[in-house]
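This report refers to the structure that appears directly beneath it.
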Amino acid sequence: MPELTELAPSAARDWITRWDRQQEMYLADREDRFTALIDAVEAGTGRQDPLVLDLGCGPGSLAVRLLDRLPGATVIAVDADPVTLSLGRAAYGNVPGLRFCDVDLRAARWETRLGVEPDRRVDAVVSTTALHWLTAAELSELYRVLASLLRPGGLFLDGDHLRLDEIESPVLARLHRVLEEREGRRRFPDGHVGRAEEWGQWWRAVAADPALSDAAAERERRTVAHHGPEGALLAVHADSLRAAGFAEVGTIWQRGSNRILAAVR
Ligand SMILES: C[S@@+](CC[C@H](N)C(=O)[O-])C[C@H]1O[C@@H](n2cnc3c(N)ncnc32)[C@H](O)[C@@H]1O
């Protein structure tokens with residue numbers, strides 16, 4: 001990937017602030033979910049210097065919040081998107097303990113590119129709003145790899161919208177949807193128009209920044225695309241985690257289908 005030298009840290013942070021606003025439009029409880037997830041890392045790993053992987057890190061929003069709370073941690077922030085990686089590196093290149101890693105989670109043996117010493121096991125794997133991009137087969141392979149990277153008792157914590165299966169639980173799935181819609185209307189009676197940039201608007205604006213044009217062109221060449229809806233099903237994740245050998249699997253924080261799915265290695 002071409003290295004970006006022109007992007008000033010302050011400009012990168014401005015883009016990331018706009019990214020955060022854009023993500024919050026789809027996810028009003030995003031900060032609360034970050035906070036709960038970091039609470040779980042802190043309480044669940046029981047150490048001030050955990051080694052943490054952030055999968056599908058985007059520009060590093062979760063990683064920097066985690067390091068703010070746990071400055072002794074090491075976070076390897078993994079993504080395959082050259083634009084968000086460039087923003088994260090430019091904005092947070094001097095944050096101690098943070099390293100961005102250009103890795104596609106669908107690639108064979110991606111874990112060998114993390115630069116983790118062979119005798120060091122990972123204390124926690126975290127992710128937000130990212131793993132639903134993967135297919136059921138890719139998730140099943142991913143969880144098998146994570147089971148080998150995590151230390152015994154290590155934690156997997158995934159903050160994402162994970163839904164009930166409409167065929168298995170049609171009534172509950174419908175109720176879930178209805179409650180979410182009603183809550184959304186109560187919280188945002190005027191709708192979302194004009195609240196912040198949408199996903200597509202943010203990406204068009206970023207691509208028009210000359211300091212990001214090389215990264216945007218590289219992004220066009222790679223296709224890190226959303227797959228079908230199966231990655232958004234709770235059961236697909238829970239079943240694959242159990243099959244990979246995780247001991248306890250369950251939701252530890254929830255707001256509608258927006259939840260933190262946790263699993264213990
Ligand atoms: C909606 S963004 C969320 C980013 C960040 N976690 C956050 O909460 O702001 C989803 C991220 O997952 C990344 N992603 C999706 N599939 C991926 C894959 N196969 N390998 C690496 N990253 C992936 C995307 O590039 C994107 O940055």
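The values are calculated or read from the model by the stated rules, or taken from the named source; none is laboratory data. Just so it is clear, the model here is predicted, and its values are computed rather than measured. For neighbour counting, all protein chains shown are included, and Cβ atoms are generated from backbone atoms with ideal geometry for every residue, glycine included.
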#### Entry: Neighbours by Cβ (under 8 Å, 6+ apart or cross-chain): first from the stretch 239-265, farther than 12 Å from His161 by Cβ; second at pLDDT below 95
Ala263/Ala247; Val264/Ala247; Arg265/Ala247
### Query
If you go through the stretch 58-78 one residue at a time, how many are in contact (Cβ under 8 Å) with a residue 60 or more places away in the chain and either farther than 22 Å from Ala12 by Cα or not polar (S, T, N, Q) (or both)?
3
### Summary
Output for Cβ contacts, cut-off 7 Å, separation at least six or different chains, first residue in contact (Cβ under 8 Å) with a residue 24 or more places away in the chain and farther than 17 Å from Ala107 by Cα in the stretch 140-159, second surrounded by fewer than 17 Cβ atoms within 10 Å (Cβ to Cβ) and aliphatic (A, V, I, L, M), reads Gly153/Val264; Leu155/Val264
### Message
Residues that are within 12 Å of the ligand (Cβ to nearest atom), more than 28 Å from Ala216 (Cβ to Cβ) and touching a residue at least 40 places away in the same chain (Cβ under 8 Å): does the stretch 12-33 have at least one?
### Response
yes
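If a residue has to be more than 7 Å from the ligand (Cβ to nearest atom) and either within 10 Å of the chain's Cα centre (by Cα) or aliphatic (A, V, I, L, M) (or both) to count, how many in the stretch 120-138 make the cut?
Pass one, the stretch 120-138, residues more than 7 Å from the ligand (Cβ to nearest atom): 120-126, 131-132, 135-138.
Now restrict to residues that are either within 10 Å of the chain's Cα centre (by Cα) or aliphatic (A, V, I, L, M) (or both): 122, 124-126, 131-132, 136-137.
Adding up the residues that qualify gives 8.
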### Task
Identify the residue in the stretch 1-45 that is of a type outside the set (Val, Ile, Thr) and closer than 24 Å to Val145 by Cβ and, among all such residues, is surrounded by the most Cβ atoms within 10 Å (Cβ to Cβ).
Leu37
### Message
I'd like to know if the stretch 229-251 contains one or more residues that are within 14 Å of the ligand (Cβ to nearest atom), touching a Phe, Trp or Tyr at 6+ places or on another chain (Cβ under 8 Å) and of a type outside the set (A, V, I, L, M).
### Response
yes
### Query
Does the stretch 176-186 contain at least one residue that is within 13 Å of the ligand (Cβ to nearest atom) and surrounded by 12 or more Cβ atoms within 10 Å (Cβ to Cβ)?
no
